1. Under 19 Å from the 7 Å Cα→Cβ point of Val501, by amide nitrogen: which residues of the stretch 310-324?
2. How big is the charge dipole of the stretch 245-515 about its Cα centre, in debye rounded to the nearest 20, if each Lys and Arg gets +1 on its Cβ and each Asp and Glu gets -1 on its Cβ?
3. What list of ³J(HN,Hα) values in whole Hz, one per residue of the stretch 292-309 in order, does the Karplus curve 6.51 cos²θ - 1.76 cosθ + 1.60 (θ = phi - 60°) give from phi, with Gly and Pro shown as x?
4. When ligands, DNA and RNA are left out and all protein chains stay put, how many square angstrom of accessible area per residue does the stretch 245-515 have with a 1.4 Å probe?
5. To the nearest µm²/s, what D does Stokes-Einstein give for the stretch 235-378 at 10 °C and 1.306 mPa s, using the Kirkwood radius over alpha carbon pairs as Rh?
6. Give the long-range amide H neighbours of Gly504: residues separated by 5 or more places, or on another chain, with amide H under 5 Å away, using H modelled in the peptide plane at 1.01 Å from N.
7. Sorted from largest down, what three extents in whole angstroms do the Cα atoms of the stretch 245-515 have along their principal axes?
8. Write down the radius of gyration of the stretch 330-431 and its Dmax, each obtained from C-alpha positions, in Å.
Amino acid sequence: MNLMILIGLVLVGIVHALRGASYLVLSRSGATTKLRPILPLCGVFLCIAGLIDGWSAGLPVPVGYAGGEGGLALGPIGCLFSLMLFAIAAWSDADEPADPTAGWRDLRVSAILLSLIAGDAFLLGCGACLAALLPTRLLGRRAARNGVLAAFAIVGASVLLCAPAAPFGSLLADPGFALLREAGGSAGPLLPLLVVGAAAPLLGLWPTQGGFRHRCAFAPPWVALSGALLGQFLLLRFLLDLAGPVPSAWWGGALVALGLFGALRAGVSALDDRRAAGVVGRVLALENNLFVVAVGFCLLARANDLPVLSGTAFDAAMLLSPAVLLGGLAALGLVRAMEREAGSGLLSRLGGLIRSMPFACALLAVPFLLLAPLPPGDDFSALWLLVQVVLAAPLPAPGGVAVVALGVLALLFAAAALAAASLLRFGWIAVLGRPRTPRGAAATDLAPIAARRYAPVLFVPAFAALLPGGWLFMASGRAGSDVLLGGEGPRHPLVALLAPVGNGMLAPLPIALLLALGVALAALLARSLNLRAERTAPVWEGGAAPPPPWLPFGDPATQIAPATLGLALRQALDLPAWHPSGRLSSWLGASQARRWSAWSRQGAVWLARVLERRAPLVAMLLFGFGLVLAASGFFDMRAPR
């Protein structure tokens, strides 16, 4: 049965490639554009059948030296990512049936599918290289350079993996996964550098976050999300599957450090971004960096022979993946639709969309809840699992390692707070803020029929958020057996998550029910009391008065960010308290009061300039000071009772 599913996926990929290359021409009439999503939907049903079946089969193809075998193989991890790939393709076909980039999309779907169902490093490298290079023509010279560098890194990683399997005197190795899993342990320290170099432009890791944000803000949504899917798959396949059963511990530590740094950088940039789609792109880059952190934790646990913690970290990665790929796709699609209707993508020109586009805003709340690290979203569940991994790690007595663990926890919380604040800032300005242009106040709402296009995409991350145990049974239980090599986390119940050590449990479904009940009661109360806002502004502004300058998120000119602390200090310099009158002059005398006032003014101006120019550095210094103050409480919590 599984062999037939593999053959069906191969046929779907071939037809996608032919359609993308214009060898299979479909008419652009309205009768046939509705049939375009049927092909990726067939792939979705085949992937679901493959996940239910749960065992792998292959189509062996002789490659390499005599006797070597590779070819195509259908595994759980390939089925899982193929399911999300075809969901992205189906949504893109239904969203923009006349998109001029549809041919490039079909070709990229075929290339990514080839890498997902590859059974040897040769086909995996070919598919990943084609997928990295295909959309570069749509994105400019910088994206083309990043795509070429990613392709070279993929080729280097594939060759490095095959090198230990090459017999003496032979130029070609056996790239089949079965042999590479045994010989991959001697790949050396260069492998993670090449894999990260290949995945960085696709996931928005440092220092390529600007390119990922550009793809999210200006390219079709499928470009950024299909690339993120490929980057996540490359990390899992190369580092967790083919790199050997016992990787080096510094691989995981380096990935954790890179992911935390990239997450903080993306979060700070999201707070200062001035485009609506740019904010979503930065948040997606932050979530991709958290995925890298989860993979790093998994490698660290495997290197220290902790299979339960390794499986728990892999569970966190599997919860992050659908939220980023499918929830992010829906969020980007809705934000881009709002930008088209409002006539601008700048936050300074968006506002009041809750009145002009109520259905679109209500629909946008679903992917935002899934992306925000707040209960009951997928990201909150993944963050909870990562925190449990750190707390359950067998650390030595209070010392350097314990301080590092405390720093990792604090950085995880800081990244989560930045992501939540960025999405809250977007919602408060663009959705709940006052209308700032007549076109934004008169924007046309999405038709309710649009829910049929977004509901299938949001079903998978919503299912993973509300029933995390069921999703992890299908995702980690099947996919983990394909790439994790013995690591197994706790057996989660259907509606809850269990901590790897202790009696900790997280149940998102009751939290979601309580949240829905509160919203329903508030709406019922407002309707019964007939609450209406008094009109204090012109009609085209929707009755919303300009916000006061101290209101956070009220106006783009007064957004909360580290740099705005300098503005607050400059405003404080004009207060009467800075004048030498009052107690200061009575204590020190008039001349001394004027001197101290001048010195204070100069110091405040210098501090304001530092905050405005070096805001992230100052924020990190303040954060480190708070980290030192919290260390004693952390050590006391970990001390044996």
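The values are calculated or read from the model by the stated rules, or taken from the named source; none is laboratory data. This one's a predicted model, so the numbers in the text were calculated from it and none came from an experiment. With ideal geometry, Cβ positions are generated from the backbone for all residues, glycine too; neighbour counts draw on all protein chains shown. Accessible surface is based on the protein model in full, side chains and every heavy atom, while ligands, DNA and RNA are left aside. Shrake-Rupley method; radii C 1.70, N 1.55, O 1.52, S 1.80 Å.
1. Under 19 Å, as judged by backbone N against the label point of Val501, lie 310-316 of the stretch 310-324.
2. Using only the charged Cβ atoms, the result is roughly 980 debye.
3. Each residue of the stretch 292-309 in turn: 5, 4, 4, 5, x, 4, 4, 5, 4, 5, 5, 5, 9, 6, 10, x, 5, 5 Hz.
4. Numbers: 9270 Å² over 271 residues.
Each residue of the stretch 245-515 exposes 34 Å² on average to a 1.4 Å probe.
5. On the way: Rh = 16.6 Å.
For these conditions, the coefficient is 96 µm²/s.
6. Hits under the 5 Å cutoff: Ala499.
7. 62, 36, 31
8. Gyration radius and largest Cα-Cα distance of the stretch 330-431: 18.4, 59 Å.
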